[in-house]
Amino acid sequence: MIKVIAKFFVAQNKIEKFIILSKELVKNTQEEKGCIKYELFQDDKKNNIFSIIEEWKDNCALENHFKSKHFLEIIPQLETLITQPIEVNVYKKIF
């Protein structure tokens, strides 16, 4: 199992647009083969910080996600709404 946390720092005036685009990304990704979980969270104290927390069956499923039509279309749009690069951490389950 693979876990991914992708952290986004969104411009204050772009939050609504970010949520709309992310909703589409989440919906489409949850239907992908090998996707166990794919959810968007908003920081409780800083409303412009969002994280997509993901669970994948294996690396192959994650790699296929990176090649999916919706990922390739939506991520570049999300990147126009952020104030710093996306932070992505990929974790392997140890036990």
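For region 79-93 and region 27-65, what is the centre-to-centre distance using only Cα atoms, to the nearest Å?
11 Å
Subtract the Cα-Cα distance of Lys93 and Glu63 from 0.36 nm times their separation in residues, and report this length gain in nm to one decimal. The partial results should precede the final answer.
Values: separation 30, 0.36 × 30 = 10.80 nm, distance 1.73 nm.
9.1 nm is the gain from fully extending Lys93 to Glu63.
Take the chain, connect every pair of alpha-carbon atoms lying under 10 Å apart with a spring to form a Gaussian network, then pick out the residue of Phe66, Phe18, Phe50 with the largest mean-square fluctuation.
Phe66
To one decimal place, what orientation-averaged projected area in nm² is obtained for the convex hull of the Cα set of the chain?
Numbers: hull surface 24.4 nm².
Quarter of the Cα hull surface area: 6.1 nm².
Along Cα→Cβ, 7 Å out, is where each label goes; now give me the distance between the ones at Leu40 and Leu72 in nm to one decimal.
Result: 2.2 nm between the two label points.
Using 0.36 nm per residue, how much length does the chain from Ile5 to Gln30 gain when fully extended, once their Cα-Cα distance is taken away?
Details: separation 25, 0.36 × 25 = 9.00 nm, distance 1.53 nm.
The Ile5-Gln30 span can extend by a further 7.5 nm.
Which value in deg cm²/dmol, rounded to the nearest 500, describes the helix-derived mean residue ellipticity at 222 nm for the chain, given -39,500 (n - 2.57) per DSSP H run of n ≥ 4 and division by the residue count?
-12000 deg cm²/dmol
With Cβ to Cβ distances under 9 Å as the rule, what net charge do the other residues near Met1 carry (K, R +1; D, E -1)? List each step's numbers first, then the result.
Numbers: positive: Lys3, Lys57, Lys92, Lys93; negative: Glu55, Asp58.
Neighbour charge sum, excluding Met1 itself: +2.
Out of region 9-65, which trypsin sites (Lys or Arg not before Pro) are coil in DSSP terms and have no more than 14 other C-beta atoms within 10 Å?
Details: sites: Lys14, Lys17, Lys23, Lys27, Lys33, Lys37, Lys45, Lys46, Lys57; in loops: Lys33, Lys45, Lys46, Lys57.
The qualifying sites are Lys33, Lys45, Lys46, Lys57.
Quantify, in whole percent, the carbon and sulfur part of the accessible surface of the chain (1.4 Å probe; protein heavy atoms only). Please list the in-between numbers first.
Details: 3410 of 6380 Å².
Result for the chain: 53 percent of the exposed heavy-atom area is carbon or sulfur.
With every protein chain left in place, what is the accessible area per residue of the chain in square angstrom, probe 1.4 Å? Numbers along the way, then the final one.
Numbers: 6380 Å² over 95 residues.
Roughly 67 Å² per residue, with all protein chains present.
Of the residues Ile20, Ile75, Ile52, which exhibits the maximal mean-square fluctuation in a Gaussian network model of the chain defined by a 10 Å Cα contact cut-off?
Answer for the Gaussian network model of the chain: Ile20.
Provide Glu24, Glu16 ordered by accessible surface of protein heavy atoms (probe 1.4 Å), highest first. Could the numbers behind the result be given before it?
Working: Glu24 95, Glu16 140 Å².
Final ranking, largest accessible area leading: Glu16, Glu24.
How far, in degrees from 0 to 90, does helix 15-30 lean away from the longest principal axis of the Cα atoms of the chain, to the nearest 10?
Approximately 10 degrees, to the nearest ten.
The values are calculated or read from the model by the stated rules, or taken from the named source; none is laboratory data. Owing to the predicted nature of the structure, the values given are computational and were not obtained by experimental measurement. Note that we place each Cβ from the backbone using ideal geometry, even for glycine, and neighbour counts take in every protein chain shown. What goes into the accessible areas is simple: the full protein's heavy atoms, side chains included, and nothing from ligands, DNA or RNA. Shrake-Rupley method; radii C 1.70, N 1.55, O 1.52, S 1.80 Å.
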